[in-house]
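Novice: Take this structure, written in structure tokens, and hold onto it; I'll ask about it next.
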Protein chains: 2
Amino acid sequence: MRKILLTAFVLSGQLLFAQTNKPGNLIQYVNPFIGTGAVDTNSLSGSNFPGPTTPFAFVQLSPDTRDAPDDPASGYDYNDKTIVGFSHTHLSGTGVADLFDVLLMPTTGAVKLDPGKVEVKGSGYRSTFSHQQESAKPGYYQVMLKDYGINAELTSTSHVGLHRYTFPKSDSAHIIIDLNHSLDKKRSYWQCHIIGAEIRVVNNTTIEGYRILTGWAKLRKVYFHAEFSKPFTSTVLANGRRSVENMPIINGTSLRAALNFNTTDNEQILVKVALSPVSIQNARLNMQAELAGWDFDQVSKQSASQWETELGKIKVDGTLQQKQIFYTGLYHAFTQPNNVADVNGDYQASDLTIGNAPDKAHYSTFSLWDTYRAAHPLYTFIQPEKTAAFINSMIRQYDTYGYLPIWQLWGDENYCMIGNHAIPVITDAILKGIPGINIDKAYEAIKASATTDHPGSPFTTWEKYGYIPEDIESQSVSITVEMAYDDWCVAQLAKKLGKTADYEHFMKRSAFYKNLYNPKTGFFQARNKDGKWVTPFNPLDYGGNGGSPYTEANAWQYAWYVPQNVPDLIKLMGGNQSFSAKLDTFFSLANKPGDVNGNASGFIGQYAHGNEPSHHIAYLYDYAGQPWKTQFYVAKVLNELYNNSSSGYQGNEDCGQMSSWYTFSAMGFYPVNPANGVYAIGSPILKNAVMQLSNGKTFSVTVKNSSPANCYIQSVKLNGVAYHKAYITQLDIMNGGKLDFVMGAKPNKSWGTKPDDVPPMWGYTN
Amino acid sequence: MRKILLTAFVLSGQLLFAQTNKPGNLIQYVNPFIGTGAVDTNSLSGSNFPGPTTPFAFVQLSPDTRDAPDDPASGYDYNDKTIVGFSHTHLSGTGVADLFDVLLMPTTGAVKLDPGKVEVKGSGYRSTFSHQQESAKPGYYQVMLKDYGINAELTSTSHVGLHRYTFPKSDSAHIIIDLNHSLDKKRSYWQCHIIGAEIRVVNNTTIEGYRILTGWAKLRKVYFHAEFSKPFTSTVLANGRRSVENMPIINGTSLRAALNFNTTDNEQILVKVALSPVSIQNARLNMQAELAGWDFDQVSKQSASQWETELGKIKVDGTLQQKQIFYTGLYHAFTQPNNVADVNGDYQASDLTIGNAPDKAHYSTFSLWDTYRAAHPLYTFIQPEKTAAFINSMIRQYDTYGYLPIWQLWGDENYCMIGNHAIPVITDAILKGIPGINIDKAYEAIKASATTDHPGSPFTTWEKYGYIPEDIESQSVSITVEMAYDDWCVAQLAKKLGKTADYEHFMKRSAFYKNLYNPKTGFFQARNKDGKWVTPFNPLDYGGNGGSPYTEANAWQYAWYVPQNVPDLIKLMGGNQSFSAKLDTFFSLANKPGDVNGNASGFIGQYAHGNEPSHHIAYLYDYAGQPWKTQFYVAKVLNELYNNSSSGYQGNEDCGQMSSWYTFSAMGFYPVNPANGVYAIGSPILKNAVMQLSNGKTFSVTVKNSSPANCYIQSVKLNGVAYHKAYITQLDIMNGGKLDFVMGAKPNKSWGTKPDDVPPMWGYTN
């Protein structure tokens, strides 16, 4: 059943694709519907949204099919049949829902101020729609709202959403503004609610207002300034069930408005909405700076042009589907982190004061547990200026908060997930020599983040026990192995800065993973503070967030996490043969259906590509002398667990990480340790890839005989010279290397298998 | 039982008084314990706090006996036996609890970070205390914390609290900082909770941090900077049940800290804590500006000196108890509105942005349903500059919010109670010629507040029906009669500004009270939107806030509210005789115990001095030719329903209103209509009163034969000339009038009884 549906959706996705994109450029390969809806209840949506955004923008304007979005967290599910409206802020690929600010919906007929229920036609202002009358491309989204005969088109700049609604003839046309959207049914977690809101009718073409709310982001203040191309004739403002006509202002907590128009057939009404996290005044300023006029097509074209520039940083060739997946992946990777500062640099800092960023940008949406793995390493190559800006934004959290972000949304810490993976991100950038980072200040922030106890990071306990006891802090195994990795990163930076005592201290801590390795079972296992192993132990038992030693994973999936010292992990597991055999078991041990949940999907045995703990594991065969198995499984994931349909990802896209895995792996290499300058070689599937580097050079990959069947490397040349190593280094890339692969259907077991071919634990020359 | 207890407390109050004040000035008459605790469960506390504040200050530092204060809302109940600590912000006299920010508590022995339960000794860091070892006067509070042998003294400036703790010898002395105080047990209403908080150890004498919370005030951000006169040796920081030692910072939602010291016997440690509603930087600035040094006695002396200046604006003579009640009343009236701006003028506006006040002050805590009656009229005489500043602050709410405050706390609207009584406040000030108000802007704000539908004020409904239908909006009778009064005020200002159409429109609305008068019952009664009276009707039925046509009152108490047109009310009720007879019944009809609740107390028949709807009623006999009955009941209230004990008020003091009723009435006159420039004459009880006016003149009152028995006016002279009128006007006062009363034990029924003697509905010459 699942396969049949999958095929159907792939076709549908391709169909849409053909309708909405023109050939001749890279944005034609972006299909914003990829990742917008899983095809059955046993798989996961990527939780991506189809609406327009410019790269790394504040405003991300997209249709919502759900009024109180929870899962998928993007608000849009490709399987839904109705659209409730178009809201201006979205998260792309997360597992938690938030944002969805300032929803607009054009309607005709009786004024309905209630959104209505999904799938219940006529129950509110929502409308049915069909994918046949819907299209999307970078900088543009369009849908026919069937209940009203209104064609809605969307585009945006960084801080402004622009709507173009084509109405039928009507003496009762309306544009609904809903400031209660996403919170009508309060989500049970995060104590979500609206603290205050306002809608003000400034004049008959201007609406201003705000909503202040607490949710996954502790406090968000969303101010807006909206202008209409045509004067409305009257208004209805409502707070909950109370409504008033033609009043100048309304304050409350559940605010909605209807702006009424008379329209001729095919009359277009445009609306532009600027947002600010600081004030209405700043929202006005943002509109003035970015979208003073009304030229929808020009704005859309500018957005597309920005995307073309960004996507052009890697030029690839391959099959159409590969290019669609690849460029949509880059598009998703550049959808965040988001600049949450106004055009004048004002932003809400993590202490909830108003800061001003000297470079007029403050980036947030740091899903670091996901993105430190491949997204941030990717940014260092093709977004080096942004990388510095991201890191400087993170350091501003340190200034007001005392430590670096764990999961930062809207400039504010929400402590989602574990570890302190801003540390590898910053370490990697500094080791790679990214300019624009104050290294001493960065180290100060990193050291504070590795020593100051904070939620999920009990360093006093860490130093006392040499591991995290499960009876003190749950998720103890995951925290222990990941914290040890972060400590290794601190140590490398300390070493670079000549801080020997720090280096030694953090290197010692970086080996603490050993204290949870149980040689009797061959797994990292939880211990209590008395030192005893937590029982009963079943390596298949799956944990969520809290209440289990493993974070969104099981012992099998966390058995492989020592990226800072894979040789020692191999040694712990009894050597190369034993290690590889265990990997074989891992990739073949059938999962129990009971263990599958929202974060575990995309299975190959116990390998779950749908969530991040598995992401590096296929590459580990390289370290044990069996690189052909890395090639096999990496190719299998690339070819089978990504596609160009709405269910194109096997789990949450996770703010660019799932895509960045593809970006690296499709080019043939992957940062198993995201901060040591080494990239393990897998199985490239593209014909060709050229990455434009910040030093003016290019790094290119060519692949001969590429096909799903030809997943095995036959031979490799680096800069024209035969190359046997199962890895490349940062220097190989930055020197403008050219990597030529020849692929085949049978493993070449003599390639990459010598001891010297194994990826080392350090890729730099010093 | 109640009487016995009452006596005991009066004595106790006097005892304390004698201990804590020196003769020779006016502040000696202030007993900050008045209103801090009711003596039995059938009466109400004034909800005042005993700790130090400067006039109209931001920081109001006071002991809390409750950890999660609810009722009394001041956090301190004179009946309690333990103190949990000293927090820096308080409300004085309100019926709802909020604020209580940044609690400090000195302790010795084991570190206890939990506040412990009231009355349960040793259950937390709280300590027992006794009133024998406690004292308070303006600018100073002191208590011996018996469990620890620590003498705690407090004083303050406008933005800074200064603590002086005298420790015993101890190698485990502590100062606890509790940012979770007041919210440990969440109050069920207002969705109170802490959104975020931080404690940062800047160095071993400096702590900084904040708590951001939602509560009665929608969003409060409380930043602090604290300095200690002695370095602490170590720290414990805790978030909920997790604590860490000697960490530089902690973030969370339930934060507490223990700062540890070694002390010698009688060693004093001083702590100064500056607050800001905007940022830690501003908190530092506030301290720098106001309290750079460490001279506790000097700070206390300066505070006392400020109070001496403010209290000196009215000089009175009378019995010791009268002077104590009078000056403590003035002290309470000047405890708020509070300047919620930092010294640089930054404040949080009602749209939750940061504003900057040009005059470096932004006032809030506007309990207008209470204070428009007598407190604001009083301010116009003796705080004219502040009156303009209050009004300019209210108009700033109009700018960001669209209408004037109803109940404003911390710069933000909370919609508590009914009406739009900023309108009479501003109207009164403008009619009195208070300088510093932009009259056109003020009228714009007033008109918007009288026409823009908002919670509790459905003006569309008002204009459609000519009354508020109970089936549309509860509390409909109270809203109707009070809205009609506010409309009368708008009309007067419109007339002054020559806006004839507005004048006529609002005058028409000001008569809408008639539409709810039921001639069959003789009461204002609720009607539904179909025009039918709501049944069953029992004039004794008491309503709270919502669910009843009457707001914290019954039909008897709301039968008398037409301050803009008392003659018409008299006419509705059948003329002077019938009106007076009905008043007689009102003052003698025994209350049913079931009708008594938290807001109904201080009964004389159905008259309940404990809440504001009754406040003008005793003066109404003046309007019907029986002024001796006004004299009788006013004197009765002055003599019997106020005293100088902890239960000195018969209900919530209500941000100065209960006190201001006393201030006016004790001098012999009262603004029945707070905006028409007319003051009805009652029964002066002081020997002498001299009010210093802003125009350099004085208005004085002398009273011959004053005593509780001699409650009746025998004769009056105004400026030496025999005076028969039962009222004086604004002009009489501002011209520097001298009013001389001769009192006696029997009514002089020929004084003030002629038609011309009756207080008119307009006191100005134009």
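Every read-out reported here was derived from the displayed coordinates using simple, explicitly stated rules and does not represent laboratory data. These numbers come from a predicted model, not from an experiment. Here the Cβ is made from the backbone with ideal geometry for all residues, glycine too, and neighbour counts use every protein chain on show.
Novice: Taking the square root of 5 times each eigenvalue of the Cα gyration tensor, what semi-axes in Å does the equivalent ellipsoid of the protein assembly as shown have, largest first?
Specialist: 68, 39, 24
Novice: What's the exposure ranking of B:Met144, B:Met287, going from fewest to most Cβ atoms within 10 Å?
Specialist: B:Met144, B:Met287
Novice: Apply the Karplus curve 6.51 cos²θ - 1.76 cosθ + 1.60, θ = phi - 60°, to the phi angles in segment B:312-327 and return the couplings in whole Hz, x for Gly and Pro.
Specialist: Taking θ as phi minus 60°, the curve returns x, 6, 10, 9, 10, 10, x, 6, 4, 4, 4, 5, 5, 5, 4, 6 Hz for segment B:312-327.
Novice: Also, quick follow-up: Show the residues, 5+ positions off or on another chain, whose built amide H is closer than 5 Å to the amide H of B:Asn518.
Specialist: B:Phe523, B:Phe524, B:Gln525
Novice: With the contact rule set at Cα under 8 Å and sequence spacing of 6 or more, what percent relative contact order holds for segment A:7-311?
Specialist: 17 percent
Novice: Further question: Would you kindly work out, in nm and rounded to one decimal, the distances from the label point of A:Pro567 to those of the same position in each other copy, ordered shortest first, with label points 7 Å along Cα-to-Cβ?
Specialist: 10.6
Novice: How about segment B:160-238: which trypsin sites (Lys or Arg not before Pro) there lie in a loop by DSSP and see at most 12 other Cβ atoms within 10 Å? Please list the in-between numbers first.
Specialist: Numbers: sites: B:Arg164, B:Lys169, B:Lys185, B:Lys186, B:Arg187, B:Arg200, B:Arg211, B:Lys218, B:Arg220, B:Lys221; in loops: B:Lys169, B:Lys185, B:Lys186, B:Arg187, B:Lys218.
For trypsin sites (Lys or Arg not before Pro) across segment B:160-238 that sit outside H, G, I, E and B with at most 12 neighbouring Cβ atoms in 10 Å, the list reads B:Lys185.
Novice: What gaps in nm, shortest first, separate A:Ala581 from its twins in the other copies when you place the label 7 Å past Cα toward the beta carbon?
Specialist: Distances to the matching label points in the other copies: 11.1 nm.
Novice: What is the helix-to-structure angle for B:280-290, meaning the angle in degrees between its Cα long axis and the longest Cα principal axis of chain B, kept from 0 to 90 and rounded to the nearest 10?
Specialist: Relative to chain B, helix B:280-290 is tipped by roughly 80 degrees.
Novice: Next up: Based solely on its DSSP helices, what 222 nm [θ] is calculated for chain B when runs of n ≥ 4 H residues each add -39,500 (n - 2.57) and the sum is averaged over all residues, nearest 500 deg cm²/dmol? Intermediate results must be reported in sequence, preceding the final value.
Specialist: Values: 17 runs with 198 residues, N = 766.
Helix contribution divided over all residues of chain B: -8000 deg cm²/dmol.
Novice: For segment B:81-165, restrict the atom set to alpha-carbon positions and state the Rg and Dmax in Å.
Specialist: Over segment B:81-165's Cα set, Rg and Dmax evaluate to 13.1, 37 Å.
Novice: Per 10 Å bin from zero, what fraction in whole % of the C-alpha pairs of segment B:492-604 is there, up to the bin with the longest pair?
Specialist: Pair shares across the bins are 12, 37, 33, 15, 3, 0.
Novice: I've got another one for you. Checking the cross-link filter: which aspartates and glutamates have an alpha carbon closer than 14 Å to that of B:Lys441, excluding same-chain neighbours under 8 positions apart?
Specialist: In chain and number order, the partners are B:Asp399.
Novice: Another question, if that's okay. Rounded, prolate or oblate: which one fits segment A:7-311, using the alpha carbon gyration tensor with axes a ≥ b ≥ c (rounded when a/c is under 1.5, else prolate when a/b beats b/c, else oblate)? If you can, show how the numbers build up before the last one.
Specialist: Details: a/c = 1.34, a/b = 1.24, b/c = 1.08.
It comes out rounded by the Cα gyration axes.
Novice: For chain A, what proportion of DSSP beta bridges, expressed in % and rounded to the nearest 5, is antiparallel?
Specialist: Given both bridge residues lie in chain A, the antiparallel proportion sits at roughly 95 percent.
Novice: Could you work out how far the C-alpha centroid of segment B:486-551 sits from that of segment A:448-483, in angstrom?
Specialist: When both Cα centres are located, 65 Å separates them.
Novice: Sticking with this structure for a sec: Rounded, prolate or oblate: which fits segment A:151-237 when a ≥ b ≥ c are the square roots of the eigenvalues of the alpha-carbon gyration tensor, with rounded for a/c under 1.5 and prolate only if a/b beats b/c?
Specialist: Prolate, since a/c reaches 1.5 and a/b exceeds b/c.
Novice: So, one more: Please give the length that would be gained between A:Asn356 and A:Lys121 if that part of the chain were fully extended, namely 0.36 nm times their separation in residues minus their C-alpha to C-alpha distance (nm, one decimal).
Specialist: The span from A:Asn356 to A:Lys121 would gain 80.0 nm if fully extended.
Novice: By what distance, in whole Å, do the Cα atoms of segment B:314-757 stretch along each of the three principal axes, largest value first?
Specialist: 56, 56, 45
Novice: Here is a follow-up. Compute the angle between helix A:422-431 and the longest alpha-carbon principal axis of chain A, please, reported from 0 to 90 degrees and rounded to the nearest 10.
Specialist: It is inclined by approximately 70 degrees.
Novice: As a quick test, which of the pairs B:Lys464/B:Lys571; B:Lys704/B:Lys746; A:Lys272/A:Lys301; B:Lys313/B:Lys386; A:Lys137/A:Lys301; A:Lys121/A:Lys146 have an alpha carbon distance above 18 angstrom in this structure?
Specialist: From B:Lys464/B:Lys571; B:Lys704/B:Lys746; A:Lys272/A:Lys301; B:Lys313/B:Lys386; A:Lys137/A:Lys301; A:Lys121/A:Lys146, over 18 Å: B:Lys464/B:Lys571.
Novice: Now, a different point. Would you mind checking B:Lys112/B:Lys230; A:Lys432/A:Lys717; A:Lys499/A:Lys697; B:Lys221/B:Lys323; A:Lys687/A:Lys754 for any pair whose Cα atoms are more than 29 angstrom apart? Mind showing how you got there, number by number?
Specialist: On the way: B:Lys112/B:Lys230 21 Å; A:Lys432/A:Lys717 24 Å; A:Lys499/A:Lys697 33 Å; B:Lys221/B:Lys323 39 Å; A:Lys687/A:Lys754 27 Å.
Over 29 Å apart, Cα to Cα: A:Lys499/A:Lys697; B:Lys221/B:Lys323.
Novice: Using only Cα atoms and rounding to the nearest 10 degrees, what angle (0 to 90) does helix B:384-401 make with the longest principal axis of chain B?
Specialist: The answer is roughly 80 degrees.
Novice: Between segment A:710-766 and segment A:124-161, what's the alpha-carbon centroid distance in Å?
Specialist: So the separation of the two Cα centres works out to 47 Å.
Novice: Same structure again: What's the center-to-center distance, using Cα atoms, between segment A:267-312 and segment A:399-416 in Å?
Specialist: Using only Cα atoms, the two centres lie 28 Å from each other.
Novice: Still on this model: How about segment B:136-233: which chymotrypsin sites (Phe, Trp or Tyr not before Pro) there are in a DSSP loop, with at most 15 other Cβ atoms within 10 Å of their Cβ?
Specialist: Listed in order of number, the matching sites are B:Tyr189.
Novice: Shifting gears a bit: Over all alpha-carbon pairs of chain A, lay out the pair-distance distribution in 10 Å bins, whole %, shortest bin first.
Specialist: 3, 15, 25, 26, 18, 9, 3, 1
Novice: Taking the label point as lying 7 angstrom from Cα along the Cα-to-Cβ axis, what are the distances from A:Thr765 to the corresponding position in the remaining copies, in ascending order and in nanometres?
Specialist: In nanometres, ordered from closest: 9.7.
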